[in-house]
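The values are calculated or read from the model by the stated rules, or taken from the named source; none is laboratory data. Small disclaimer: the values here were computed from a predicted structure and weren't measured. Please note: Cβ atoms are built from the backbone with ideal geometry, for glycine as well, and neighbour counts cover all protein chains shown. Ligands, DNA and RNA are stripped out before the accessible areas are found, and what is left, the full protein with its side chains, is counted by its heavy atoms. Shrake-Rupley method; radii C 1.70, N 1.55, O 1.52, S 1.80 Å.
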Amino acid sequence: QVQLVESGGGLVQAGGSLRLSCAASGRTFNTYTMGWFRQAPGKEREFVATINWTGGTTYYADSVKGRFAISRDNAKNAVFLQMNSLKPEDTAVYYCAAQYSGNWFSVREYDYWGQGTQVTVSS
């Protein structure tokens, strides 16, 4: 069982930066692939970024590639999302998720989810 708690969201102007954090409970955190997803009003939840258990492999959605960076600290049971050059279209609730195995890009294949943190980017 893994419990996830996101933090770090807020209101920022376009071009600004935010760093999201996700604190995880559980002794087996370092065995999980971790992902960040987001959901804008009226839209489906979508993949943003993912990182494997060692932190050595990462993938990003095309819409955030080059602007966002995912990282993890297994010693602290935490995963992070550094978001730079934010755009109004990045406005969404951002969710941290964990999976033991499966498709890294699919919402349905993540086993545990946080409650989400709101990110609002003003133009």
Lone qualifier among 23, 78, 69, 49 - being free of Cβ contacts under 8 Å to residues at least 24 places away in the same chain and within 16 Å of residue 8 (Cβ to Cβ): 69
Answer residue from the range 56-76, given it is at pLDDT 95 or above and not in a strand (DSSP E or B) and is surrounded by the most Cβ atoms within 10 Å (Cβ to Cβ) among those: 64
Residue that is farthest from residue 55 (Cα to Cα), among those in the range 1-38 that are open to solvent by 40 Å² or more (accessible area, probe 1.4 Å), of a type outside the set (A, V, I, L, M, F, W, C) and assigned to a strand (DSSP E or B): 13
